[in-house]
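The values are calculated or read from the model by the stated rules, or taken from the named source; none is laboratory data. All values reported here derive from a predicted model rather than from experimental measurement. As a convention, Cβ positions derive from the backbone with ideal geometry for all residues, glycine included, and neighbour counts pool all protein chains shown.
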Amino acid sequence: MELSHIDKEGKAKMVDVSAKGSTLREARARASVLLSPQTFALVKEGQVKKGDVLTVAQIAGIQAAKRAWELIPLCHPISISLVEVMLVLNEEKKSVEIESLVRTCSETGVEMEAMVACTIAALTVYDMCKAVERGIRVTDVRLVYKSGGKSGVFQGE
C-alpha cells in the first residue's frame, strides 16, 4: 500500500482531490476523559468554578472540527454540513465519554475533523477541571465509523 501524503522522493505532499467527485461523507470518533471520583462529582453537580464543563467542551469540539485544516498541515479545508459533539458522564468509569459526528458532501472525508472534535472537547474538559485535578487522562481517541468516498465504509470498535 502506498501512502497518499508522500511523493516519489519521500517528501510530504497534500493530496490532489480536484478530480474526485463530491459525495456524502460521514465520520464518527470517540474519546474518553478519566477523572478522579472527586472531580467527576464536581462536573456532575455543575460545581466546577470555570462553569458548565460539558457545554463548554461541546462547543469547543464543534468549533475545532471546523478548523481541523488549520491544525493539521495536509488536511483540506472543506465545507462541513454537520458537526455534533455529545458528552456523557459514565458513573462507573468516572469518565466523560465523548462522541463526534461530522458530515460533508465533498471530495474528501471528515475523519480528521471528527477526531479533532473529540480531542479538543477532551482537552477542554481537562482545561476546565485542571484547577482541582492535574492527573486527568485523555484516552482512546479513535475513529469508530466512516462512510463515503472510494474506500467505502469503515466500522471500528
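Show the residue pairs that are 6+ apart or on different chains and have beta-carbon atoms under 6 Å apart, the first residue being within segment 5-29 and touching a residue at least 12 places away in the same chain (Cβ under 8 Å), the second being of a type in the set (Lys, Arg).
Hits for this filter: 26/103; 27/146.
Across segment 128-157, what is the total count of residues that are of a type in the set (D, E, K, R), in contact (Cβ under 8 Å) with a residue 12 or more places away in the chain and either over 23 Å from residue 81 (Cα atoms) or in a helix (DSSP H, G or I) (or both)?
Of the residues in segment 128-157, 4 are of a type in the set (D, E, K, R), in contact (Cβ under 8 Å) with a residue 12 or more places away in the chain and either over 23 Å from residue 81 (Cα atoms) or in a helix (DSSP H, G or I) (or both).
Does residue 148 meet the test of being of a type outside the set (S, T, N, Q), surrounded by 14 or more Cβ atoms within 10 Å (Cβ to Cβ) and at pLDDT below 95?
yes
Go through segment 1-27 and give me each residue that's at pLDDT 95 or above and either farther than 16 Å from residue 111 by Cβ or in contact with a helix residue (DSSP H, G or I) (Cβ under 6 Å, 6 or more places away or on another chain) (or both).
Passing the criteria: only 27.
Of the residues in segment 76-90, how many are surrounded by 13 or more Cβ atoms within 10 Å (Cβ to Cβ) and within 14 Å of residue 118 (Cβ to Cβ)?
5
Name, by its number, the condition in (1) under 12 Å from the mean Cα position of the chain (by Cα); (2) exposed (fewer than 15 other Cβ atoms within 10 Å of the Cβ); (3) polar (S, T, N, Q) that does not hold for residue 38.
Single failed check for residue 38: (1).
Pull up segment 93-128, narrow it to residues that are among the small types (Gly, Ala, Ser) and more than 19 Å from residue 74 (Cα to Cα), then point me to the one that is surrounded by the fewest Cβ atoms within 10 Å (Cβ to Cβ).
95
Select from segment 51-75 the residues that are in contact with a helix residue (DSSP H, G or I) (Cβ under 6 Å, 6 or more places away or on another chain) and closer than 30 Å to residue 21 by Cβ and write down the one among them that is surrounded by the fewest Cβ atoms within 10 Å (Cβ to Cβ).
Only one residue tops the list, namely 72.
Which of the numbered conditions does residue 35 fail, given that it passes all the others? Conditions: (1) at pLDDT 95 or above; (2) closer than 28 Å to residue 77 by Cα; (3) hydrophobic (A, V, I, L, M, F, W, C).
(2)
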